[in-house]
Structures are given as C-alpha cells and as structure tokens.
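Everything below concerns the one structure shown next.
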Amino acid sequence: MEETATIRLGNENHVFPVVIGTENEKGIDIRTLRQKTGYITYDDGYGNTGSCESHITFIDGEKGILRYRGYPIEQLAESSNFLECAHLIIYGELPTHTQQREFSAKVLRQASIHESMRHLFEGFPNNSHPMAILSALLNSLGCYYPNLATNDRDQDLKNFDEAATLLLSKVRTIAAMSYRMMRGEPFMYPRKDLGYCQNFLHMMFSEPYEDYYPHDDVAKALDLIFLLHADHEQNCSTSTVRMVGSGGANLFASVSAGVCALWGPLHGGANMAVINMLQEIHKNGDDGSKFVAAAKSGKGARLMGFGHRVYKNYDPRAKILKVACERVLKALGRNDPLLDIALHLEDKALHDPYFIERKLYPNVDFYSGIILQAIGLPLDMYTVMFSIGRMPGWIAHWREVAELSKGRIHRPRQIYIGPGLRNYVNINDRNGDGPKSA
Ligand code: CMC
C-alpha cells in the first residue's frame, strides 16, 4: 500500500502522499497543503524542506556519506579527477575514452577570454575582492556569448554543452586574472599543453620570463580540492543557482548569483575564516584550548570549519582532505604550525561534550585552507577556489531546473508579522519631532 501522511488541523484530517527517494529518504508531499487547508509550513532555514527532486548528489549526513551520481566520494577521490567528475555530475555518467577526450578538448579550447574582457578588470580597484570580480565577470561572459545566454529556456538548453564547458574553463582564467590584477602583474595566457589544474597554476604563477612548474603533489592536491567541492546538493549557493534559474534566467546569470551566495563566512567563505581563526590562535600563543572554551560559552567566535547543517558526523570530504593536507606538507617539506593547531582543535572538540552533543565535526573547510596556503594562494582567493570546484554542481543543477517540463518559479511564502492595516498620515500630522518647514 502506498504510504501516506495525515495532518490533523482542527477536527479535519488531511492526507498527503509520501515521496520516497532512491536511498529510502522520505518526505511528505505537501504541494496541495495550502490549497486544501489554507495553511503553509514554516521552516526557517529550510532544515526540513525538500525544495526539489534531484538525480545528482546523495548525502546521508548521519552516516557521513557523500555520492556523486551514486559513486562514493572516497572512490572518486582515490581514482578519478576533477574534469572526469565534472562530466559525471553534469551528464550523469563517467565518460568513455572518446567522451573524456572530447570534453577535455572543449574545456581546453575555451580557456582564453575575449580580449576586450581584459578591460573590465581595469574598472575594478586593485583591492577589490576576487569574489566580487568573479561574480561580475561570470555574468558579463553572457554578454560576450549572447546566443548562449538568451533567457529562452529551449534556446539556452540547446546550447548547454557549449555554455557548460565554457564556464568550467573560463572560471579558472577569470580567477587567475583577478589574482594577477590585484598584484599589478601581467595576465598570463593559458597554454594548450597543460591539464586543467596545471594551466590554472600557470596562469596564476608563471611570469613572462619564467614558466612556473608546479610540484606534482600541488597540482594533484588542487585537483582533489576541486573534485571534493564539485557538488553538495541543495546548499545555499546551489539553491540560489536553482532559484535564479527557476525564473528562466540563463546559466551565466545563475552561476554568478551562486558565487555571491557562496561568499559568506557560513558557507564557502569559511575556508578563509578558518585560516584567520588559526592565525589568530597562533598569534595569541593559544594551542586552541582557549578558543574552544570561548566558542562553547557563546561569547567567542564559532569554531570555523566545524559543524554542518546536514552532516551530523565527520564530513567525508574533511577526512580525505586531512590526509591530503599531511601529504602535501610532507611533499613540500613544510611544517605548518597551523596544522598542529588544527589537529589539536579537532582533537579537543571531538572529545568535548558541547561539540559531541551538538554533533559538530570538522567540515570540508577545516583542512582545505591549510593546503591552499601551502600551494601559495593568498587568503582572499580561497573562496574563489571553492567556486571553481563548485562550478560543475551549479551547472548540473541549473540544467536540472531548466529541463523540468512542469518546473515552477521558486517562490516561498512567509508568515507576515509586521504591523496590521494602517491609514497613511500626512507628514505634518505625524507624531514625533513636529512639522518641518520645506
Ligand atoms: N562552533 C560552535 N558552535 C557551533 C558551531 C561552531 N562552528 N556550529 C554550530 N554551533 C552550535 C550553535 O551555536 C547551536 O548551539 P545551540 O543549540 O546551543 O544554540 C548548535 O550548534 C546548532 O547550530 P546551528 O547554527 O543551528 O546550525 P546550522 O545547521 O544552522 O549551521 C553551520 C550550520 C555550518 C552554518 C554552522 O555549523 C557554522 O556556523 N559553522 C561554522 C562555519 C562553517 O564552517 N561553515 C562551512 C560549512 S561547510 C562548507 C559549505 O558547504 O558551505
């Protein structure tokens, strides 16, 4: 028998269907709730609200499971690479040899940006945040490819493959250019003999008179960071992309909004915040104990890189990055005191009742910053790295929304708690500081 849920309001029972996902996740389908009862649901922060059905990513937060299109993140991290995962996330399947070759070639061909886009960088002050530049330039890309950004769903879907590879490729070029611009250094053109991450590192760190050759482990670690960030179902930025896309906006506008949503310290900005926190702890000569005590009391700052809305267990991405972090530092012969503090903080928190009761574990941002620092990236580029990594997810989710034949614009309701009906009062008759002469 089909499972249903009954909601009792006053003396009336209302029956709703139950939807069940592939992994037996269950939800009450309340799409007819308001129409049947006049009630809406109230769920601040959407912690209990399923906003869509999706084929892309599965997370079991209680068990610490993350899968892209069914494949466990641990297997992908071990054996795949970022571009292969991008294909998997966007198209639903791991690529064949031919698909892989064609996909990589398309991404490679799209690496440079329209020459006149270089001038856009000149309009930004040197101390602009690269997330602001990234969002603005991703949106502007649509102006350079008007046939890919028409806001006509059918047309934009017809050109989806080109728009997707273009964004995957150019996001990294724009990121590297913003880094060079901040330093007043000349832009480096992409090279056609380099892979995705090597090309990015080349555009970041090569000089006109000297090519930069990254340590193998550096390029691998960056690829791993991108891969681990590639999708994470209905997080704040992806939901934003879906929301913007649901109104019919093109892919470029939608991912540009995603970058803005990612920027905040509770979301992608946490990777910067973690390093700021570790540096602060180091500067104060604390081993992390005082910081943990303050975070628990609610008087200090939160322990950044800890806690997650969905994971109530160790974030599987953090587990992988912790090992990668130790490997990269060893390969580069570095001994970073921030890693020691991070390990101590983690140990302290994992044995502390406050964190145990609230199921707060390290998340993806806890160790990624230490790797990015070892690679030589400045702090304000960290969230940009997250954006490059998240691009496949944003693209895949935009497509999922655009392809829905009966898709509706996302438009939540609210419970209004402002003033009741009032009549307009002329300015001279308002109470307060009396009439003002004109
Ligand atoms: N340090 C100390 N206490 C915390 C922390 C933390 N990092 N995170 C949550 N808590 C406490 C919080 O104060 C609350 O306590 P109480 O029940 O006594 O009021 C309880 O745990 C539940 O917190 P919440 O704010 O209701 O949880 P949430 O699901 O709304 O927030 C979060 C999730 C990630 C925003 C939050 O854990 C946080 O602020 N963490 C630090 C920022 C961070 O690392 N963000 C990156 C998330 S992973 C990357 C991504 O996907 O963006």
Item to check | Any chance residue 285 is surrounded by fewer than 15 Cβ atoms within 10 Å (Cβ to Cβ), within 14 Å of the ligand (Cβ to nearest atom), outside any helix (DSSP H, G or I) and modelled with pLDDT under 95 | outcome: no
Checklist outcome for this item: When the stretch 109-120 is checked residue by residue, the ones that are among the hydrophobic types (A, V, I, L, M, F, W, C) and either in contact with a Leu (Cβ under 8 Å, 6 or more places away or on another chain) or open to solvent by 20 Å² or more (accessible area, probe 1.4 Å) (or both) are 113, 117, 120
Item to check | Only one of 278, 262 that is of a type outside the set (D, E, K, R), within 14 Å of the ligand (Cβ to nearest atom), under 26 Å from residue 333 (Cβ atoms) and crowded, with 24+ Cβ neighbours inside 10 Å | outcome: 278
Item to check | Hey, residue 248 surrounded by fewer than 19 Cβ atoms within 10 Å (Cβ to Cβ), closer than 26 Å to residue 154 by Cα and more than 16 Å from the ligand (Cβ to nearest atom) or not | outcome: yes
Checklist entry - Is there a residue in the stretch 33-46 that is under 23 Å from the mean Cα position of the chain (by Cα), on the phi < 0 side of the Ramachandran plot and either away from the ligand (no atom under 16 Å from the Cβ) or of a type in the set (Ser, Thr, Tyr) (or both)? => result no
Item to check | Top-ranked residue of the stretch 196-224 - restricted to ones that are assigned to a loop (DSSP other than H, G, I, E, B) and buried (at least 16 other Cβ atoms within 10 Å of the Cβ), ranked as modelled with the highest pLDDT | outcome: 206
Item to check | Odd one out for residue 363 among (1) open to solvent by 10 Å² or more (accessible area, probe 1.4 Å); (2) within 23 Å of residue 295 (Cβ to Cβ); (3) at pLDDT 95 or above | outcome: (3)
Checklist entry - Tally time: how many residues in the stretch 317-333 are farther than 23 Å from residue 295 by Cα, more than 12 Å from the ligand (Cβ to nearest atom) and under 23 Å from the mean Cα position of the chain (by Cα)? => result 4
Checklist entry - If you go through the stretch 338-355 one residue at a time, do you hit one that is basic (Lys, Arg), farther than 30 Å from residue 202 by Cα and touching a residue at least 40 places away in the same chain (Cβ under 8 Å)? => result yes
Item to check | Subset tally (residues that are closer than 15 Å to residue 224 by Cα and either more than 18 Å from the chain's Cα centre (by Cα) or away from the ligand (no atom under 12 Å from the Cβ) (or both)) for the stretch 350-372 | outcome: 3
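Residue under question is residue 238, and the condition is that it be crowded, with 24+ Cβ neighbours inside 10 Å and of a type in the set (Ser, Thr, Tyr); does it hold?
yes
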Item to check | The one condition in (1) outside any helix (DSSP H, G or I); (2) near the ligand (Cβ under 10 Å from one of its atoms); (3) open to solvent by less than 60 Å² (accessible area, probe 1.4 Å) that residue 294 fails to fulfil | outcome: (1)
Checklist entry - Could you list, in sequence order, the residues of the stretch 308-360 that are open to solvent by 10 Å² or more (accessible area, probe 1.4 Å) and among the basic types (Lys, Arg)? => result 309, 312, 319, 322, 327, 330, 334, 348, 358, 359
Checklist entry - For residue 390, are the conditions met, namely being surrounded by fewer than 24 Cβ atoms within 10 Å (Cβ to Cβ) and in contact (Cβ under 8 Å) with a residue 24 or more places away in the chain? => result no
Next on the checklist: Can you confirm whether residue 136 is open to solvent by 30 Å² or more (accessible area, probe 1.4 Å) and under 16 Å from residue 255 (Cα atoms)?
Outcome noted: yes
Checklist entry - Do any residues in the stretch 199-219 that are farther than 13 Å from residue 180 by Cβ have Cβ atoms under 8 Å from those of residues that are in a loop (DSSP other than H, G, I, E, B) and of a type in the set (A, V, I, L, M), where the two are at least six apart or on different chains, and which pairs are they? => result 199/111; 215/332; 217/332; 218/332
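The values are calculated or read from the model by the stated rules, or taken from the named source; none is laboratory data. What you see is a predicted model; the values in this text were computed from it and never measured. Every residue, glycine among them, receives a Cβ derived from its backbone with ideal geometry; neighbour counts consider all protein chains shown. Side chains are part of the model used for accessible areas, which takes the heavy atoms of the whole protein and leaves out ligands, DNA and RNA. Shrake-Rupley method; radii C 1.70, N 1.55, O 1.52, S 1.80 Å.
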